[in-house]
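Notes follow the structure.
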Amino acid sequence: MSHIQRTTGQRFPNAAKAASTNPLKMSQPLGAALAYLGVDRCLPLFHGSQGCTAFGLVLLVRHFREAIPLQTTAMDQVSTILGGYDNLEQALRTIVERNNPAMIGVATTGVTETKGEDMGGQYSLFRQRNPDLAGTALVFANTPDFAGGFEEGFGKAVTAIVERLVEPSPTTVKTQLNVLAGSHLSPGDVEELRDIIESFGLSPIFLPDLSLSMSGRQPSDFTATSLGGVTVEQIRSMGASVATLVIGEHMRIAGAALELKTDVPSHFFSRLTGLEASDRLIRTLAEISGRPVAAKLRRQRESLVDGMLDGHFFYSRKRIAVALEPDLLYAVTSFLADMGAEVVAAVSPTQNAVLEKLKAATVMVGDHSDVETLARDADLIVSNSHGRQGAARLGVPLHRMGLPMFDRLGAGLKVSVGYRGTRELMFEIGNLFLSREMDHDAHPTPHGGDGHACGGGSCGCSAV
Amino acid sequence: MLQDKIQDVFNEPGCAANQAKSAKEKKKGCTKSLKPGAAAGGCAYDGAMIVLQPIADAAHLVHGPIACLGNAWDNRGTRSSGSQLYRTGFTTDLSELDVIGGGEKKLYRAIKEIVQQYDPPAVFVYQTCVPAMTGDDIGAVCKFAAKKLGKPVIPVDAPGFVGSKNLGNKLAGETLLDHVIGTVEPEYTTPTDVCIVGEYNLAGELWLVKPLLDEIGIRLLSCISGDGRYNEVAQAHRARVTMMVCSQALVNVGRKMEERYGIPYFEGSFYGVSDMSDTLRTMARMLVERGADKGLIDRAEGVIAREESRVWRRLEPYRPRFDGKRVLLFTGGVKSWSMVSALEGAGLTILGTSTKKSTPQDKERIKKMKGDEFHQWDDLKPREIYKMLAEDKADIMMSGGRSQFISLKAKVPWLDINQERHHAYAGYDGIVNLCEEIDKTLSNPIWRQVRLPAPWEPAPARSLLAAAE
Ligand code: SF4
């Protein structure tokens, strides 16, 4: 698909198991679907059997508590042998007739990739045979289930959108800024970033923009396409922006493709959680815009610094196991290390270049059962809702992040970027430690005689 | 092999819908051909999992790439009173190399690991689309593994692309008939041993029913498969009577158990007061016909009389509150259909129901009972439902989770009555639970608030507002 090849350096140990147990991994097409959902009036389409769509849909519905538009080319046993073009064409035509979306985002699946469909060829053939549908944007991404994972799929869809839709522009709009927003940014994070960027007098174009489609909408009619998100016109105009912020390792390829196509300079951010990481973002935005930092942000920074001083007692040397998609894993483990905690295990669902940068005692590619083994004497596990069974068995508290998060309200609206988001995340996790310590005070455990660990009055008590 | 099985399932004589079909129609089977770009619903593998996964002490291993399990584990509401192994998601997570080189060896290693580490009474291995395409022979691997490891290893050959969830239900039933039922003898039998087929103990529903069976003196020998244990399922052939719960999905199991072991079956339901009573009555009568003590019938009648008077007394407070409240009911066919009479008994007005999954006979039956006023929608589009709700044509919608947002976005109360629900609605207590849930949501104060115009909007825009005051 892409002309840029990522080189994977070091390989991290895979659990040597044949049976993945309580998987952490989710499939590539699912990631692609989420990326497509951040485009306005879009309908994602899985090129495969209907079951894959049903499962993906349920997972996203349970996480976002939103209606999720997602269709299927409904390949059956016969069409998988004969090839999928007919189903694809029929699906695209049906969707346009019924739902008239601005864009259809196609993601292949294991079923179509086993035989190997030439999506580039099929795109051309479809356009040739269906000139009447020229008004609908079409984006195809190759996302076999048996390679990569959720983040890779998300990245591939964004790359495919860039390659298909973005156009170079002879002029530059000085206040227009592109942001390639990776899947580790929640709709709430994107909203927060918009706020920060706008405070510099810049108008951001987020690709994708989940804050507009997945943060709780009240439509006036029922639509079978995404409601809100970045528009196809905005995507086409990204070539006129003054700069691009590329957020997350899995946005790198899309970022390179965008720069290559448009010559808009890009700035890469591996994470936006943490004081230093946020400082870098603010500095960059001040430089791009040539404007001073807003008073609101100055206050937020002060408040974060103060919070770190209050909170660090509870983080110091805490042993934490983290299992998340690679880029989120990097952001969270780095933040925890920033706060003085010890990441005893960092578990990723897939091999990824970003793993090389992780600061953790053990880094591995594995599943929730590996987390269960590695987190035996941890103070905390940070993972998605699927971590709940293992955490409960170990009696270790679980802080939920990432996707799916089906047993919490507002999963998509959590904010953990920028000064304010970092502060929220820090308080939330810090409070888990704090409440544990307070509990232990109330009911001294057999091995904790003196019991008090607030670090000399830091919890508000008068211990000396 | 699989093709023969599928054809066999389609020829099911116990299926009422099938008997009405011509030979040619039968050949086509009951799966409607799906329309690309306008299809919804789970695959056959999904359907097989629904039936088998409630067998709680067995390991359930999915042979395929990550999509089939990774996106979909720990998402079902079936409960177990003992072993929780069924909640552990196992998959071979096939990679590109396995797709090219074949995944059979990896599958064997996975089975071996599971047996060594968890020592379950059996391992179910689910085939999925990709390895079915590349030709992995899970039947052979399972046979080999069973011999090597000395444990039942059961191939569930229902890859997603062969058809719908419903077909998957049936193929899972066939799997049990071929590999499980009849392989274990119970320690002892009694003349009141029954087997229940098609009850999955969602939200713990079976536990609202079982105490009544115990009280009457009926022994639940085997449940397929709610709160199930492998060995209990394997003993099903010693039941005296089989009850089929969701008749269409697993009718093949009931009929073949009759054919093979001479166990008579009946179709019953635990939903709704009269259906529940009928079920207990029929079960007791059939057991007595097969030689159980006649006192069973009296005990059943005693329990029924007590429970019925109790349930009506408990529903009484809801009647004035439900008066004039209109319900849109969208369910997966017959099963929840029996709720209708109970809801009406509690004072609700059912406007209509979807009949997408009902047979022509079902539809006739509904028409006879309810008259022409009652709507039967075959294929109502989400948009049309939304419009009905937004125009204040109903006070509450009851449906599965997939359509919840149609109702919620129209700011109309909604209640989950499908798979993922958190409350148990079976039995006499269940119907009271259901009414309590309906009442809770109908009387919640948010409905008035969420319909208020925003401060920047001129005046109440919708008739709904008035209705809510
Ligand atoms: S349709 Fe096939 S590939 Fe998709 S989830 Fe079902 S079994 Fe898996």
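The values are calculated or read from the model by the stated rules, or taken from the named source; none is laboratory data. None of these values were measured; they are calculated from a predicted model. Here the Cβ positions follow ideal geometry from the backbone for every residue, glycine too, while neighbour counts run over all protein chains shown. Surface accessibility is based on the protein's heavy atoms, side chains included, excluding ligands, DNA and RNA. Shrake-Rupley method; radii C 1.70, N 1.55, O 1.52, S 1.80 Å.
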(message) For a quick check: with amide H placed at 1.01 Å from N, whose amide H comes under 5 Å from B:THR190's, ignoring anything fewer than 5 positions away on the same chain?
(response) none
(message) Rolling a 1.4 Å sphere over the protein heavy atoms, what is the accessible area per residue of chain B, to the nearest Å²?
(response) 41
(message) If you take every DSSP beta bridge fully contained in segment B:40-179, what fraction is antiparallel? Give it as a percent rounded to 5.
(response) 10
(message) Just want to confirm a number: the relative contact order over segment B:40-179, from Cα pairs under 8 angstrom separated by 6+ residues, in percent.
(response) 37
(message) Given a Förster distance of 22 Å, report the FRET efficiency between B:ARG306 and B:ARG285 from their Cβ-Cβ distance, rounded to the nearest 0.05.
(response) 0.75
(message) Could you put B:LYS35, A:LYS414 in order of accessible surface area, largest first, with the 1.4 Å probe and the full protein assembly present?
(response) B:LYS35, A:LYS414
(request) For B:ILE100, tell me the accessible area in Å² from a 1.4 Å probe, rounded to the nearest 10. (result) 140
(request) Give me the net charge of A:ALA321's neighbourhood, meaning all other residues with Cβ under 15 Å from the Cβ of A:ALA321; Lys, Arg count +1, Asp, Glu -1. (result) +2
(message) Quick check: the distance between the Cα centres of segment A:310-336 and segment A:58-79, to the nearest angstrom?
(response) 33
(message) Buried accessible area between B and A (1.4 Å probe, both chains summed, ligands and nucleic acids excluded), in Å² to the nearest 100?
(response) 5100
(request) Using only alpha carbon pairs under 8 Å that are at least six residues apart, calculate the relative contact order of chain A and give it in whole percent. (result) 18
(message) Using only Cα atoms and rounding to the nearest 10 degrees, what angle (0 to 90) does helix A:50-64 make with the longest principal axis of chain A?
(response) 40
(message) Let me make sure I get this right: for segment B:40-179, a, b and c are the square roots of the gyration tensor eigenvalues over alpha carbons, sorted descending. Under 1.5 in a/c it's rounded, otherwise prolate if a/b > b/c, else oblate. Which is it?
(response) rounded
(message) What number comes out for accessible area per residue over chain A if the probe is 1.4 Å? Units Å², please.
(response) 37
(message) Between segment A:284-306 and segment B:402-425, what is the separation of their alpha carbon centroids in Å?
(response) 44
(message) Less than 17 Å from a label point 7 Å out along the Cα-to-Cβ axis of A:ASP132: which backbone N atoms in segment A:85-101 qualify, by residue?
(response) A:89-101
(message) Residues of segment B:77-117 with the amide nitrogen closer than 19 Å to a label point 7 Å from the Cα of A:ARG376, along Cα-to-Cβ, please.
(response) B:117
(message) Nearest 5 percent is fine: what portion of the DSSP beta bridges confined to chain B is antiparallel?
(response) 5
(request) Please give the contour-minus-distance gain from A:ASN14 to A:LEU409: 0.36 nm per residue of separation, less the Cα-Cα distance, rounded to one decimal in nm. (result) 138.9 nm
(request) With the Cα gyration tensor of segment B:179-245 in hand, give its eigenvalues times 5 under a square root as the equivalent ellipsoid semi-axes, listed largest first in whole angstrom. (result) 18, 15, 9
(message) From the helices alone, meaning DSSP H stretches of at least four residues, give me the mean residue ellipticity at 222 nm for chain A, per-run term -39500 (n - 2.57), in deg cm²/dmol to the nearest 500.
(response) -13000 deg cm²/dmol
(request) Pop a pseudo-label 7 angstrom from the Cα along the beta-carbon direction at both B:TYR188 and B:ASP278 and give the gap in nm to one decimal. (result) 3.6
(request) Report the label-to-label distance for B:ILE100 and B:LYS387 in nanometres (one decimal), using points 7 Å from each Cα along the Cα→Cβ vector. (result) 5.4
(request) Would you tell me the mean number of C-beta atoms belonging to other protein chains that fall within 10 Å of each C-beta in B:68-80, as a whole number? (result) 6
(message) Could you compute how much accessible surface B:LEU329 exposes when probed at 1.4 Å, giving the result in Å² to the nearest 10?
(response) 0
(request) Count, for each residue of A:185-196, the Cβ atoms from other chains sitting within 10 Å of its Cβ, then give me the mean as a whole number. (result) 0
(request) For B:MET49, tell me the accessible area in Å² from a 1.4 Å probe, rounded to the nearest 10. (result) 10
(request) Set the Förster radius R0 to 22 Å, insert the Cβ-Cβ distance between B:GLN84 and A:PHE427 as r into 1/(1 + (r/R0)^6), and round the FRET efficiency to 0.05. (result) 0.05
(request) Would you list, by chain and number, the lysines whose Cα falls below 17 Å from the Cα of B:LYS35, excluding same-chain residues fewer than 8 positions away? (result) B:LYS165, B:LYS356, B:LYS357, B:LYS381
(request) Among the listed pairs B:LYS393/B:LYS440; B:LYS210/B:LYS370; A:LYS174/A:LYS359; B:LYS170/B:LYS370; A:LYS414/B:LYS409; A:LYS25/B:LYS411, give every one whose C-alpha distance is greater than 28 Å. (result) B:LYS210/B:LYS370; A:LYS174/A:LYS359; B:LYS170/B:LYS370; A:LYS25/B:LYS411
(request) Tell me what chain B gives for mean residue ellipticity at 222 nm when only DSSP H runs of n ≥ 4 count, each as -39,500 (n - 2.57), the sum divided by the residue total, rounded to 500 deg cm²/dmol. (result) -13500 deg cm²/dmol
(message) How would segment A:70-202 be classified by its alpha-carbon gyration tensor: rounded, prolate or oblate, with rounded meaning a/c under 1.5 and the a/b versus b/c comparison settling the rest?
(response) prolate
(message) Inside 10 Å of the C-beta atoms of A:223-230, what's the mean count of C-beta atoms belonging to other chains?
(response) 1
(message) Taking the Cα centroid of segment B:244-279 and of segment A:179-211, what is the distance between the two, rounded to the nearest whole Å?
(response) 56
(message) For the protein assembly as shown, give me the percentage of DSSP beta bridges that are antiparallel, rounded to the nearest 5 percent.
(response) 5
(request) Can you tell me how much longer the chain between A:ASP306 and A:ASP118 gets when fully stretched, taken as 0.36 nm per residue apart minus their C-alpha distance, in nm with one decimal? (result) 62.1 nm
(request) Tell me the label-point distance for the pair B:ARG299, B:MET369, using the 7 Å Cα-to-Cβ offset, in nm and rounded to one decimal. (result) 3.0
(request) Normalising by the residue count of segment A:205-252, find the relative contact order in percent from Cα pairs under 8 Å and 6+ residues apart. (result) 40
(request) Just reorder B:TYR200, B:TYR118 by solvent-accessible area, largest first, 1.4 Å probe, all chains present. (result) B:TYR118, B:TYR200
(request) Take A:ASP367, A:ASP377 and sort them by solvent-accessible surface of the protein heavy atoms, 1.4 Å probe, largest at the top. (result) A:ASP377, A:ASP367
